[in-house]
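Enquirer: Please find one structure pasted underneath; my questions will follow.
The values are calculated or read from the model by the stated rules, or taken from the named source; none is laboratory data. Here the structure is a predicted model, which is why all the values come from computation and not from measurement. For neighbour counting, all protein chains shown are included, and Cβ atoms are generated from backbone atoms with ideal geometry for every residue, glycine included.
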Amino acid sequence: MKPNFREDFLAQGLVPERQGSDLTIWPTTPSAGEQPLPIEADLAAFYQEALNEAAIVDITDPLGTILSVNDRFCEITGYARGELVGANHRMLRSDEHDWTFFRHMQREIMLGHVWRGEICNRAQNGDLFWVDTTIVPHRRRNGQIERFIAIRFDVTARRQAEERLRRLANVDQVTGLPNRNAFMRSVEDIIADTRATPGRIAVGILDVDHFKEINDCLGHGAGDTLLQELALRLRAAMGRNDEVARLGGDEFGIILRDCASEDAVRQRIAGIFKVFAAPVSVCGSERQLSASLGMAMLPVETAGRSELLKNADIALHEAKANGRARAELFGEEMQEEVRRRAELRSSFERGLHVGEFVVHYQPIVALEPGAPVAMEALLRWNHPERGLIRPPQFIEALSDEHLATQVGGYVLDLAIRQIEDWYRAGVRFGSISINATLGDFRSGRYVDTILGAVAGGRIGVDDIRVEINEDVLIGRGGDCARTEIERLHHAGIAIAFDDFGTGFASLRHLRDMPVQIIKIDKSFIRAIDTDKADRAIVKNLIELAHQLGKTVTAEGVETRDQAAVLRELGCDRIQGFLVAPAIPANEIEQILRLPCAAADYDLI
């Protein structure tokens, strides 16, 4: 028997009416004096009402003439409806986007494609506002585009927060100069530019001599005043195309462009040193300062940023060794340092081959209630002559990607074995966190090893997590790394973003990558209990991370005061010498076997 759809509709108080091929459904009992509306029209009115409450909506013709706006559009722009309808949408342009942005948008929508993006507009009072925008073309029956409807959501607050964080992360809060992050980007840019257009550039590192003694004697406030004065003088001494940045402490980075020869560089250096000729007034007394400077030239064949800065650093050490208050330009006579690095690499490879390297584990502790939740696996070199060597003394050997990849696989293998050992011994360890490099992901074996260990039942997905930093995601190989990270994520392996806040693109990666944990770099933690700027940066980073559903770990926590501030700011976890240094697995195991491990971490 055929179903009786009409009876079904009538049972629900609805009357179907067919006109040709169209079916309209009417309610059976409209209100008194009310013209019954088709269900489609009623729903359309309901959708429009809901949309008007939630979104900023306007309709334009193909030439950009505004045909219709809703109340929220008027509110955010500050214009009355009568001022908007009939006007061209270009009246709201902010000049924040270049012509290519609008050309791409126009091409997409005129082809009938939906366009999505974020646009900055200017309100009637001159204020800028950002809107997350979706533009949908509407076609006539003949296929011709008749109008566009744009649905927008106000994202100004988020954009402003991101801009504040970018500035906090890339501008030195004491001197107002670009900071280390910005300097490193500039060096990368000039290397790329020089390869495309050969030229001579000099990059330098400048240290203020005996600054620590002045700082300790007169206090940090006086030290900041001195740095501010030096920043002003250095900036004034730079050429129009030159750059100066504060790298941290009493260290400044310098970029000199348009250097025709080494003699020209030396002349420019002489101009920089005039900055230190006049004494600086600090706390009512005159202080005569000096500086040591190491410079390196950038020929076309330079390998990259690391080599250039290493050469500048070698020259700086030479200047200090020769009595300070002088500058040295990296040259052939300093190649002995290069030879030393080659010997280090050879010794490192031998040590890796014969098993001199060991993994120590540093606890990561939850601030509430204070119990260990993870261990970071950290490499140590048990040298037969020099004893236990920490990474700062051999890290330069790992600038070679092939060697770094061997080390990554070595640490991963030891960590997996340790997880198995702790399982067999019944030790509850939380998870082990391992650091992965770009080379690890490019090797094609690293992720396979982890997933193979999981699939084989050697470890669980919660037993291990992978830490990455921004270097993994930028430059050549970044796309490969993203693909491998996605594989880990889909398998259930947690990803932690290490050194967060030190990279220009960190915010974008936090948004785009499947990261569950962020680790705030220790450079922001070191003075968090005394430095308002550092506290502001960390506060904003924690709030942003929590808004995005991320867990926050602070690195390099050494004092109870730092831990107290971090707890106040809502940080989730801490890691550092306050908890414990990196120690051998058997010592970690003794801690984890205590009846209440949390009791050993009464942090505040």
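Enquirer: Kindly establish whether Phe394 is within 32 Å of the chain's Cα centre (by Cα) and without any contact (Cβ under 8 Å) to a residue 60 or more places away in the chain.
Expert: Working: within 32 Å of the chain's Cα centre (by Cα): yes; without any contact (Cβ under 8 Å) to a residue 60 or more places away in the chain: yes.
So Phe394 passes the test.
Enquirer: Select, from Gln124, Gln48, the only residue that is part of a loop (DSSP other than H, G, I, E, B) and either more than 22 Å from Glu146 (Cβ to Cβ) or not assigned by TED's automatic domain parsing to the domain that holds Ala150 (or both). Before you say what the answer is, go through the steps one by one.
Expert: Working: Gln48 fails: part of a loop (DSSP other than H, G, I, E, B).
Of Gln124, Gln48, the one residue that is part of a loop (DSSP other than H, G, I, E, B) and either more than 22 Å from Glu146 (Cβ to Cβ) or not assigned by TED's automatic domain parsing to the domain that holds Ala150 (or both) is Gln124.
Enquirer: Out of the residues in region 549-571 that are under 19 Å from the mean Cα position of the chain (by Cα) and surrounded by 13 or more Cβ atoms within 10 Å (Cβ to Cβ), state the one that is farthest from Gln362 (Cα to Cα).
Expert: Lys550
Enquirer: Ok, one more. Could you check Leu378 against (1) touching a helix residue (DSSP H, G or I) at 6+ places or on another chain (Cβ under 7 Å); (2) under 27 Å from Leu578 (Cβ atoms) and say which number it fails?
Expert: Exception for Leu378: condition (1).
Enquirer: How many residues are of a type in the set (S, T, N, Q) and more than 19 Å from the chain's Cα centre (by Cα) when one looks only at region 137-176?
Expert: Total meeting the criteria: 4.
Enquirer: Determine which member of the set Ala231, Ala236 is modelled with pLDDT of 90 or more, part of a helix (DSSP H, G or I), in the same structural domain as Ser306 (by TED's automatic domain parsing) and in contact with a Leu (Cβ under 7 Å, 6 or more places away or on another chain).
Expert: Only one candidate qualifies: Ala231.
Enquirer: On to the next question. Name the residues in region 512-538 that are over 25 Å from Val472 (Cα atoms) and out of contact with any helix residue (DSSP H, G or I) (no Cβ under 9 Å at 6 or more places or on another chain), would you?
Expert: Passing the criteria: only Lys532.
Enquirer: Quick check on my filter: what residues within region 351-371 are more than 20 Å from Arg417 (Cβ to Cβ) and of a type outside the set (A, V, I, L, M, F, W, C)?
Expert: Glu368, Pro369, Gly370
Enquirer: For region 464-473, what are the residues that are within 18 Å of the chain's Cα centre (by Cα) and surrounded by 17 or more Cβ atoms within 10 Å (Cβ to Cβ)? Talk me through it step by step, then tell me what you get.
Expert: Of region 464-473, the ones within 18 Å of the chain's Cα centre (by Cα) are 466-473.
Of everything in region 464-473, those that are within 18 Å of the chain's Cα centre (by Cα) and surrounded by 17 or more Cβ atoms within 10 Å (Cβ to Cβ) turn out to be Val466, Glu467, Ile468, Asn469, Glu470, Val472, Leu473.
Enquirer: I need every pair where a residue in region 408-432 that is closer than 18 Å to Leu352 by Cα and assigned by TED's automatic domain parsing to the domain that holds Gly460 has its Cβ under 7 Å from the Cβ of a residue that is among the charged types (D, E, K, R) and in a helix (DSSP H, G or I), sequence separation at least 6 or different chains.
Expert: Gly408/Asp440
Enquirer: Residue pairs, Cβ under 6 Å, 6 or more apart or interchain, first in region 153-170 and touching a residue at least 12 places away in the same chain (Cβ under 8 Å), second assigned to a helix (DSSP H, G or I) and surrounded by 15 or more Cβ atoms within 10 Å (Cβ to Cβ). List them.
Expert: Every condition considered, the pairs that remain are Glu162/Leu507; Leu165/Asn540; Leu168/Ile537; Asn170/Asn181; Asn170/Ala182.
Enquirer: Within region 474-488, which residues are surrounded by 16 or more Cβ atoms within 10 Å (Cβ to Cβ) and acidic (Asp, Glu)?
Expert: The answer is Glu484, and nothing else.
So that you can scan it fast, the table gives a plain yes or no per residue for (1) under 20 Å from Arg235 (Cα atoms); (2) of a type in the set (Asp, Glu); (3) over 32 Å from the mean Cα position of the chain (by Cα):
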position	(1), (2), (3)
Cys259	yes, no, yes
Leu309	no, no, no
Ala319	no, no, yes
Asn322	no, no, yes
Ala327	yes, no, yes
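Enquirer: Might you check whether a residue that is of a type in the set (Phe, Trp, Tyr), assigned to a helix (DSSP H, G or I) and in contact with an Asp or Glu (Cβ under 7 Å, 6 or more places away or on another chain) occurs anywhere in region 179-192?
Expert: No, region 179-192 has no match at all.
Enquirer: For the list (1) farther than 22 Å from Ile135 by Cβ; (2) modelled with pLDDT of 65 or more, I need the number of the one condition that Glu34 fails.
Expert: (2)
Enquirer: Related question: Return the residue satisfying two criteria in turn: it lies in region 93-103 and is of a type outside the set (Ser, Thr, Tyr) and surrounded by 12 or more Cβ atoms within 10 Å (Cβ to Cβ), and of such residues it is nearest to Gln160 (Cα to Cα).
Expert: Step by step, filter region 93-103, then rank; the result is Glu96.
Enquirer: Got a sec? Which of Ala491, Ala496 is touching a residue at least 40 places away in the same chain (Cβ under 8 Å) and buried (at least 16 other Cβ atoms within 10 Å of the Cβ)?
Expert: Details: Ala491 fails: buried (at least 16 other Cβ atoms within 10 Å of the Cβ).
It is Ala496.
Enquirer: For Arg324, state whether it is closer than 30 Å to Asp263 by Cα, touching a residue at least 40 places away in the same chain (Cβ under 8 Å), surrounded by fewer than 16 Cβ atoms within 10 Å (Cβ to Cβ) and not hydrophobic (A, V, I, L, M, F, W, C).
Expert: yes
Enquirer: Any idea which residue in region 331-354 is nearest to His317 (Cα to Cα), counting only those that are of a type in the set (D, E, K, R) and touching a residue at least 40 places away in the same chain (Cβ under 8 Å)?
Expert: Only one residue tops the list, namely Arg341.
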